[in-house]
Amino acid sequence: MALIEQLRAYRLTLDPTPAQLQALTRHAGAARWAYNHAIAAKRTAHEEWRRQVDELVAAGVDEAAARAQVRVPVPTKPAIQKALNAAKGDSRLGIEGACPWWWEVSTYAFQSAFVDADQAWKAWVDSHRGQRAGRRVGYPRFKKRGRARDSFRLHHNIKQPTIRAATYRRLQLPRIGEVRLHDSAKRLSRAVAAGRAVIQSVTISRTGHRWYASVLVRQQTAVPDRPTPRQTAAGVVGVDLGTRHLAALSTGELIANPRVKAAHARRISRVARAYARTEKGSRRREKLRQRLGRLHHREALQRAGAAHALTKRLATGWATIVVEDLNVAGMTRSARGTIHAPGRNVRAKSGLNRALVDVAPGELRRQLEYKTAWYGSTLVVADRWYPSSKTCSACLSVKPKLALAERTFCCAECGHEVDRDINAAINLARLGQQLPAQLAVAPGTEETSNARRAGVRPSSSRASGQPALTREDPRHRRGSPRRSDPPVVPTAA
Ligand SMILES: [Zn+2]
């Protein structure tokens, strides 16, 4: 066993009193106000910068030179906070201002919203300059009441904690008091009492009609150095994540998507139809909106339960789990494309997209990453170019083309027929079996759980034709494949 320190969230369901409910709503409102206030300050500075640049350009200065010359700093948290402190007012003293009600809520609701605004702005700037991986980030928008998620974050001084589990059934929150819990905080409470966990912050949010607290702790977790004999005996499993199924395993098992029960689906569509017929702004519309939210929420909980059950079963059942590196953001983008680049095969793809959104393979992958660390197994991520779907798992010949609609893989070379996703899973498992022994050993002695995540990239540079097995920096692995990494067909091990 080795101890690793990690950040971990405990999610608790709150059961607030009517007065506490009001306080929660007020805090969420204050956080939204503070976020919008910060974004507005940043936008004002940015617009001023743009105006000065335009002025110089109009006066004949080159655009690039003008951009370099004009300096209007975009304010961040310290400056925004300082300016607001001077202008916020105080309703207790009858002093008018930007937010004279500030004293009714915890100061942390403001502070964490300012931090979030800083992050949103930085994400946009970095994305704009091409310094940020992943999907393009848009210009920071204002949060609208009713549309944006109701949420706020509270911090405390960890030396004098004010966020704590008062009992197994009560969570103490600064300014809000002891809130009754719908579920038990026993695990959190025990970890804190034993000195294994230190509470860092709590994020309170509303989903549907329920309020949740996500308590973030820094925790010492004992993780096994190596897989158990049972995991070792089971060996490698290849997993094709979430297309038509929740998962397909190289063992031949298909795990179905959690289906919404027919009666539940019927109720959702009935309520949705009734909602569509109501008049905007009516009380009945609001009532049905809430009901619809509750029904959707219940469905989401069921789906989350199925995902956790699957990832735990994989992480505890095998020594090595091989998945494919899906470009999830790309796959869920609209299949219709744009005017300039219309999408091809729209019908098949939008079906796939819907299924993907349904099971969120990115989430399954995230859960596998930390759960393999917990249970002594290893997660291997195959490069996106590894042709797991197009390779015949029996004779290893590769099909040049495989339409999305082809649910069964029929090999033109050897005549092998197998479910498309199982075929892909078997190919992934084979890749995992080629791992050198030292990679398969879980390095529990290293500091982070990341250390045991190995990346596999087949490469043509190997004279033997064997795939090169490399351990990559996980930060790079998520990026786009390099041009120097041509797709290559691995031969049999
Ligand atoms: Zn074949």
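The values are calculated or read from the model by the stated rules, or taken from the named source; none is laboratory data. Remember, it's a predicted structure, so these values are computed and weren't measured experimentally. Glycine also receives a Cβ, built like all others from the backbone with ideal geometry; neighbour counts cover every protein chain displayed. For the accessible areas, the whole protein counts, side chains as well, though only heavy atoms, and no ligand, DNA or RNA atoms are used. Shrake-Rupley method; radii C 1.70, N 1.55, O 1.52, S 1.80 Å.
Given the pairs K88/K122; K159/K186; K144/K371, which are separated by over 30 angstrom at their Cα positions?
On the way: K88/K122 26 Å; K159/K186 22 Å; K144/K371 36 Å.
From K88/K122; K159/K186; K144/K371, over 30 Å: K144/K371.
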Worksheet item: Taking the Cα-to-Cβ direction at E63 and at A309 and moving 7 Å from each Cα, how far apart do the two end points lie in nm?
Response: 5.7 nm
Discussion item. Taking only Cα atoms of the range 19-128, what ratio of Rg to Rh do you get with Rh as the Kirkwood inverse-distance radius?
Written reply: 1.12
Fill in: Listed residues T107, V61, G97: farthest to the positive end of the dipole of the range 19-128 (Cβ charges)
T107
Worksheet item: Just the accessible area per residue of the range 77-227, please: how many Å² with a 1.4 Å probe?
Response: 58 Å²
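Length gain on complete extension for the stretch L254 to E5, per 0.36 nm per residue less the alpha carbon to alpha carbon distance?
Details: separation 249, 0.36 × 249 = 89.64 nm, distance 3.53 nm.
Computed gain between L254 and E5 is 86.1 nm.
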Practice prompt. Leaving ligands, DNA and RNA out of it, report the carbon-plus-sulfur percent of the accessible area of the range 19-128 at a 1.4 Å probe.
Written response: 57 percent
Practice prompt. Heads up, I need the accessible area for V179: 1.4 angstrom probe, whole protein in place, Å², nearest 10.
Written response: 0 Å²
Worksheet entry | Contour minus Cα-Cα distance for S214 and R270 (0.36 nm per residue) | 16.9 nm
Worksheet item: What does the charge add up to near A28, with Lys and Arg as +1, Asp and Glu as -1, over the other residues with Cβ less than 9 Å from its Cβ?
Response: +3
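If I compute solvent accessible area with a 1.4 Å probe over the protein chains, what percent of it on the range 267-313 is carbon and sulfur?
Numbers: 1700 of 3360 Å².
Heavy-atom surface of the range 267-313 belonging to carbon and sulfur, 1.4 Å probe: 51 percent.
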Worksheet item: What are the ³J(HN,Hα) values, in whole Hz, obtained from phi via the Karplus relation 6.51 cos²θ - 1.76 cosθ + 1.60 with θ = phi - 60°, for each residue of the range 98-110 in sequence order, with x given for Gly and Pro?
Response: 5, 8, x, 8, 3, 6, 6, 10, 5, 4, 5, 4, 6
Worksheet item: Got a sec? Which residues in the range 91-133 would a label at R175 touch, if it sits 7 Å along Cα→Cβ and we count backbone N under 11 Å?
Response: 101-113
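Residues of the range 364-410: accessible area per residue at 1.4 Å, in Å²? Let's see the in-between values first.
Values: 1770 Å² over 47 residues.
Computed with neighbouring chains in place, this is 38 Å² per residue.
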